[in-house]
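The values are calculated or read from the model by the stated rules, or taken from the named source; none is laboratory data. As the structure is a prediction and not an experimental result, all values here were calculated from the model. Cβ coordinates were reconstructed from backbone atoms using ideal geometry, including for glycine residues, and neighbour counts include every protein chain displayed.
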Amino acid sequence: MRAMALVRADEDSEAGVMPTSRELEEVTRFNERLAEAGVMLAGEGLHRSSRGHRIRFGAAGPAVLDGPFAGTGSWWRDSGSGRSARGRRRWTGRAPFRSGEPELRAIFESEECGEEPTPDLRARETDLRRKLE
């Protein structure tokens with residue numbers, strides 16, 4: 001099962017305070033360990049949320065909301081069939097953060113949709129995933 005860890009914004013990240021070389025070294029080392037363990041698919045930082053937007057859909061049509069919002073970075077992880085949510089929590093607990101509040105979310109897989117996706121839709125999704133890799 002794939003999962004995403006979203007690191008919530010804090011006062012410093014929203015103010016645009018960049019990490020120190022030491023902090024970047026620690027995060028890079030942590031990311032290398034995740035990759036070596038085969039659980040990291042991607043990991044990027046996000047610009048401060050005040051530079052972001054959300055689109056809210058409703059009866060009156062879409063509405064654009066300007067940031068700030070909670071969230072400064074993310075990791076995409078593959079926990080594999082033999083790995084558990086407990087393992088994801090354990091890995092996230094090893095992150096070298098001095099502040100923040102990571103949120104772990106499982107990624108919804110098409111297989112979980114039951115019989116609704118037609119064979120054609122499943123094949124198209126598989127093709128799309130291959131293109132994105």
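Scan the stretch 19-53 for residues that are surrounded by fewer than 15 Cβ atoms within 10 Å (Cβ to Cβ), among the aliphatic types (A, V, I, L, M) and touching a residue at least 12 places away in the same chain (Cβ under 8 Å) and the total you get is 2. Here is the figure for the stretch 21-70: residues that are over 15 Å from the mean Cα position of the chain (by Cα), within 24 Å of Thr92 (Cβ to Cβ) and polar (S, T, N, Q) total 2. Of the strands (runs of 3 or more DSSP E) lying entirely inside the stretch 33-133, those containing at least 1 residues that are at pLDDT below 75 and of a type outside the set (D, E, K, R) are 40-45, 73-78, 102-106.
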